[in-house]
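Visitor: Quick one: structure below, then a few questions.
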Amino acid sequence: MSQPSLPPHHQPSHQPPQPRGVRRPPSRGWRSKPALKLIAGGVLAAALVSGCGSGDDDGGGSGGSSKGAQAKTLGKVAMPKVGKEANTMGTWVTDSTFVKGDVNKLVGYSLDGAKSKWRIPLGGQLCWASPHMTKDGLTAILFRDGAGEDALCTKVGLVDLKKGKLVWQKEGSDSEGNAGVQFDEVTIGGGTVAAGGTGGGGAWSLDGKPLWKPAYLADCDDDGYAGGDDKIVAVRSCDTGDSSTKRLEVQTVDPRTRDVKSSYKLDEKVEYAHVISTAPLVVAVDTGDSDAGTGTTDILTIDDSGKQGKLLSTIDVLAKGYQPNCPATSVEGCTELALDKASSTLYLSSEVDVDHGGPGERISGLNLKTGKETGKTKMAESRSLIPVQTDDDGSLIAYLGSMYSEAGGVVRIDPKTFAMDTLQTHPDDMKDVESDMDTYGDCTMIYTGKKLYIGDSRASRPSSDSSARPLAIVFGA
């Protein structure tokens, strides 16, 4: 079976698995960086979105984009008072509502973020929230079975974001029929809600009917699933005989039955695999030596049209200095990238530009079929420049980070010339807030309806050297 050709510098190093359940932000190396989430369906079909911008304190220009299009702070959601850090994953925007995960609940707001419209109590802390949203405004969440610290992540829920309702909640069962399986993450795609993790997996139809449980055969099990569009992709691991290593396989499965439509075995050096996109099938892999804590050493594009998957291209993330940010063990959740499916172009920020230096100050486009660079922006000069999403015309929306002298903003990047035009700049009195949300938070960013939504994925007590950080904020005209 075809294998990815990993560069010779990749040598596996075995790291102990990290505790899972309540999502923790991935290691970001020496510099705090924004988070990125995937929104599929609804008003942002198949858009990959980025998070809070880096707040650098050394000034500098904006890499060619002119300041203008001044935005206002339309609404702020106050940070909940917590004694310990709590997971507040979940940031979505429908045609009528801005929805934010909160402590033990989901809350719907007006589109400007100024007024609350409804809330869904969960009875336990969020463990995971799918970034995908169907055209009807449905998404999937995973939450604890109680408010106590020892409560497990066993509750899978289908949420109607437009109506503000928890449609149903389910628990998985193991091979012996015991309920209460602990899951690590959940996704939605192809009319199916699939939850997976080290404790097992399970799937339900949108009307709540149990569909399948992965069979534990030949010392193999499902690590987790990726959704979006009309597909479900499973990452399956099998024992190799060595207790410290597993062999990973990426499987495109039937969402209703879990029958394998296509499979691709990853190189034996790969320790973790993260699905960036199911259509096209793009997978970030980690051979264990991602030196900046990105969770990624290579990005693979796989043709899954046949029974046996075929490798189309490999992007060497380490050699080129690209900086996607993938969680250590989760199948979904890669950040700081955007994908234009029409042109098969992946946009990545550079943590360290190997030619000119300057962490995170440049965005490059890469053709997923060839792995070759299609172009890159000018340096943003001491300001982070992070992909947010792509528009229908193929142009890239990106976040220009705040700095000491001014706040951040949103720019549009031409996919052919990579020239930047300013869409909006934020009020300068919010530059410290933006910087604090990056430094102390783990944020999701969505740009739609000429508004920028920033939502923090965790609630925490304020630090002595930070300003009053909100849980969410909305900028717009």
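The values are calculated or read from the model by the stated rules, or taken from the named source; none is laboratory data. Not measured: the values here are computed from a predicted model. Cβ atoms come from the backbone with ideal geometry, glycine included; neighbour counts cover every protein chain shown. Quick note on the areas: whole protein, heavy atoms, side chains included, nothing else; ligands and nucleic acids left out. Shrake-Rupley method; radii C 1.70, N 1.55, O 1.52, S 1.80 Å.
Visitor: Among (1) buried (at least 22 other Cβ atoms within 10 Å of the Cβ); (2) modelled with pLDDT of 95 or more, which single condition is G164 missing?
Guide: (1)
Visitor: Considering (1) among the small types (G, A, S); (2) open to solvent by 20 Å² or more (accessible area, probe 1.4 Å); (3) in a strand (DSSP E or B), say which one S364 fails and leave the rest.
Guide: (2)
Visitor: Moving on to the next point. Every residue in region 83-111 that is open to solvent by less than 30 Å² (accessible area, probe 1.4 Å), hydrophobic (A, V, I, L, M, F, W, C) and closer than 22 Å to G124 by Cβ, please.
Guide: If the condition is that a residue be open to solvent by less than 30 Å² (accessible area, probe 1.4 Å), hydrophobic (A, V, I, L, M, F, W, C) and closer than 22 Å to G124 by Cβ, then A86, M89, W92, V99, L106, V107 are the ones that fit.
Visitor: Just the residues that are open to solvent by less than 10 Å² (accessible area, probe 1.4 Å) and β-branched (V, I, T), please, taken from region 443-462.
Guide: Once the filter is applied, which keeps residues that are open to solvent by less than 10 Å² (accessible area, probe 1.4 Å) and β-branched (V, I, T), region 443-462 yields T444, I446, I454.
Visitor: Please work out if G172 is over 30 Å from K341 (Cβ atoms), open to solvent by less than 10 Å² (accessible area, probe 1.4 Å) and touching a residue at least 12 places away in the same chain (Cβ under 8 Å).
Guide: Judged against the criteria, G172 is a match.
Visitor: Does any residue in region 138-154 that is surrounded by fewer than 24 Cβ atoms within 10 Å (Cβ to Cβ) come within less than 7 Å, Cβ to Cβ, of a residue that is in a loop (DSSP other than H, G, I, E, B) and of a type in the set (A, V, I, L, M) six or more places away or on a different chain, and which pairs are these?
Guide: That search, which allows pairs on different chains as well, returns L138/L206; D145/A151; D145/L152; T154/V181.
Visitor: Regarding S395, is this residue crowded, with 23+ Cβ neighbours inside 10 Å and touching a residue at least 12 places away in the same chain (Cβ under 8 Å)?
Guide: Taking the combined requirement at face value, the residue does not satisfy it.
Visitor: Out of the residues in region 431-442 that are in contact with a Cys (Cβ under 9 Å, 6 or more places away or on another chain) and hydroxyl-bearing (S, T, Y), state the one that is surrounded by the most Cβ atoms within 10 Å (Cβ to Cβ).
Guide: S435
Visitor: Which ones in region 295-333 are modelled with pLDDT under 90 and farther than 21 Å from S237 by Cβ?
Guide: Of everything in region 295-333, those that are modelled with pLDDT under 90 and farther than 21 Å from S237 by Cβ turn out to be V317, L318, A319, K320, G321, Y322, Q323, P324, N325.
Visitor: Next question. For the structure I just gave you, tell me whether R119 is buried (at least 17 other Cβ atoms within 10 Å of the Cβ), among the charged types (D, E, K, R), farther than 18 Å from D222 by Cα and modelled with pLDDT of 95 or more.
Guide: No; evaluated as a whole, the condition is false for this residue.
Visitor: Counting only residues that are over 26 Å from G365 (Cβ atoms), give me the strands (runs of 3 or more DSSP E) lying completely in region 414-477 with at least 2 of them.
Guide: Because the criterion is at least 2 residues that are over 26 Å from G365 (Cβ atoms), the strands (runs of 3 or more DSSP E) in region 414-477 that meet it are 451-456, 472-476.
Here's the yes/no breakdown for (1) open to solvent by 50 Å² or more (accessible area, probe 1.4 Å); (2) at pLDDT 95 or above; (3) within 21 Å of the chain's Cα centre (by Cα):
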| residue | (1), (2), (3) |
| --- | --- |
| E406 | no, no, no |
| T425 | no, yes, no |
| D429 | yes, no, no |
| D465 | yes, no, no |
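Visitor: Next question, about the same structure. If we scan region 202-214, do we find a residue that is part of a loop (DSSP other than H, G, I, E, B), modelled with pLDDT under 95, farther than 21 Å from C153 by Cα and open to solvent by less than 40 Å² (accessible area, probe 1.4 Å)?
Guide: Checked region 202-214: no residue is part of a loop (DSSP other than H, G, I, E, B), modelled with pLDDT under 95, farther than 21 Å from C153 by Cα and open to solvent by less than 40 Å² (accessible area, probe 1.4 Å).
Visitor: Taking region 408-423 as the search range and keeping residues that are open to solvent by 10 Å² or more (accessible area, probe 1.4 Å) and among the aliphatic types (A, V, I, L, M), which one is nearest to W92 (Cα to Cα)?
Guide: Across region 408-423, the extreme among qualifying residues is L423.
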